[in-house]
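This report refers to the structure that appears directly beneath it.
The values are calculated or read from the model by the stated rules, or taken from the named source; none is laboratory data. Note that the structure is a prediction, hence the values are computed from the model and not measured. Virtual Cβ from ideal backbone geometry, glycine too; neighbours counted across all protein chains shown.
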Amino acid sequence: GAVVSQHPSWVICKSGTSVKIECRSLDFQATTMFWYRQFPKQSLMLMATSNEGSKATYEQGVEKDKFLINHASLTLSTLTVTSAHPEDSSFYICSASPWRSYNEQFFGPGTRLTVL
Amino acid sequence: AQTVTQSQPEMSVQEAETVTLSCTYDTSESDYYLFWYKQPPSRQMILVIRQEAYKQQNATENRFSVNFQKAAKSFSLKISDSQLGDAAMYFCAYKREYGNKLVFGAGTILRVKS
């Protein structure tokens, strides 16, 4: 149990286009989902926390208009990288906390974004 | 703000040997959770072990155990009988008792030699 999926697992896009990444909790309901960014051989950097039905809370320094997060249901959160540029190329990871279980956080397999 | 420090960027261990990864953290809170996550080359984050600060007993999970020193704010991970599959990046993480954000350390790359 407690499986989180991400789609796509990798994506290549042209500079200036927008890319949407989906994060789904497959066998549990997640009131809270998190989006991280990770550069090679570095730690995970929390970008934002999304709660179902409300606006995401972004970490300091993360551009809200660049990284649009939507958490429309208890099993789905999406991250849209708008007008992507090469510097947005990175590994994006989502995680999800089950309903009423703040102490658990399950991670998706990640999405590798390459912007040409 | 809480911080997590992993002072060993890389560690190596011989197969079947024991290795200890270090982690220290800074917090003013008395109740919290500590975690060790493993990130193999696939980059899927895997929970290795979890420790509740209010528990004095050190957590263990098969070959993995921790040495939790609350006063020293230290939380090291010991891997016994190391296996090739243990090779990965290991992250130490902190979570407040009533929050759900994880604060990660910089990570330690563990290499296992055969």
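In table form, for the structure just shown:
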quantity: Residue in the stretch B:1-15 that is more than 30 Å from A:GLN6 (Cβ to Cβ), in a loop (DSSP other than H, G, I, E, B) and more than 14 Å from every other protein chain (Cβ to nearest Cβ) present; calculated: yes
quantity: Pairs, first more than 10 Å from every other protein chain (Cβ to nearest Cβ) in the stretch B:25-48, second exposed (fewer than 15 other Cβ atoms within 10 Å of the Cβ), C-beta under 6 Å, six or more apart; calculated: B:ASP26/B:THR3; B:ASP31/B:TYR54; B:ASP31/B:GLU97; B:TYR32/B:GLU97; B:LYS38/B:ILE46
quantity: Count of the stretch B:80-113 residues which are more than 8 Å from chain A (Cβ to nearest Cβ), touching an Asp or Glu at 6+ places or on another chain (Cβ under 6 Å) and at pLDDT 95 or above; calculated: 2
quantity: Residues being among the small types (Gly, Ala, Ser), buried (at least 18 other Cβ atoms within 10 Å of the Cβ) and outside any strand (DSSP E or B) - total across the stretch A:9-51; calculated: 1
quantity: So A:SER89, is it small (Gly, Ala, Ser), farther than 30 Å from B:THR5 by Cα and over 13 Å from the mean Cα position of the chain (by Cα); calculated: no
quantity: Any pair with Cβ under 6 angstrom, 6 or more apart, that starts in the stretch A:79-97 at a residue that is away from every other protein chain (no Cβ under 14 Å) and at pLDDT below 95 and ends at one that is in a strand (DSSP E or B) and buried (at least 22 other Cβ atoms within 10 Å of the Cβ); calculated: none
quantity: Pick from the stretch A:98-116, criterion among the polar types (S, T, N, Q) and within 14 Å of chain B (Cβ to nearest Cβ), ranking: surrounded by the most Cβ atoms within 10 Å (Cβ to Cβ); calculated: A:GLN105
quantity: Set B:LEU47, B:LEU77: member being farther than 25 Å from A:THR57 by Cα and not in a helix (DSSP H, G or I); calculated: B:LEU77
quantity: Yes/no for B:LYS55 being in contact (Cβ under 8 Å) with a residue 60 or more places away in the chain and either more than 14 Å from chain A (Cβ to nearest Cβ) or over 21 Å from A:PHE34 (Cβ atoms) (or both); calculated: no
quantity: Pairs where the first residue, in the stretch B:66-79, is farther than 14 Å from B:GLN6 by Cβ and the second is aromatic (Phe, Trp, Tyr) and in a strand (DSSP E or B), C-beta under 9 Å, 6+ apart; calculated: B:ASN67/B:PHE75; B:PHE68/B:PHE75; B:GLN69/B:PHE75; B:LYS78/B:PHE64; B:ILE79/B:PHE64; B:ILE79/B:TYR90
quantity: Evaluation of A:TYR36 against (1) within 14 Å of another protein chain (Cβ to nearest Cβ); (2) more than 26 Å from B:TYR98 (Cβ to Cβ); (3) among the aromatic types (Phe, Trp, Tyr) (one fails), failing number; calculated: (2)
quantity: Selection status of A:PHE91, in contact with a Phe, Trp or Tyr (Cβ under 9 Å, 6 or more places away or on another chain), among the aromatic types (Phe, Trp, Tyr), over 30 Å from B:GLU10 (Cα atoms) and crowded, with 16+ Cβ neighbours inside 10 Å; calculated: no
quantity: Index of the failed condition, A:LEU74 passing every other in (1) touching a residue at least 24 places away in the same chain (Cβ under 8 Å); (2) more than 24 Å from B:TYR94 (Cα to Cα); (3) surrounded by fewer than 13 Cβ atoms within 10 Å (Cβ to Cβ); (4) of a type outside the set (Ser, Thr, Tyr); calculated: (3)
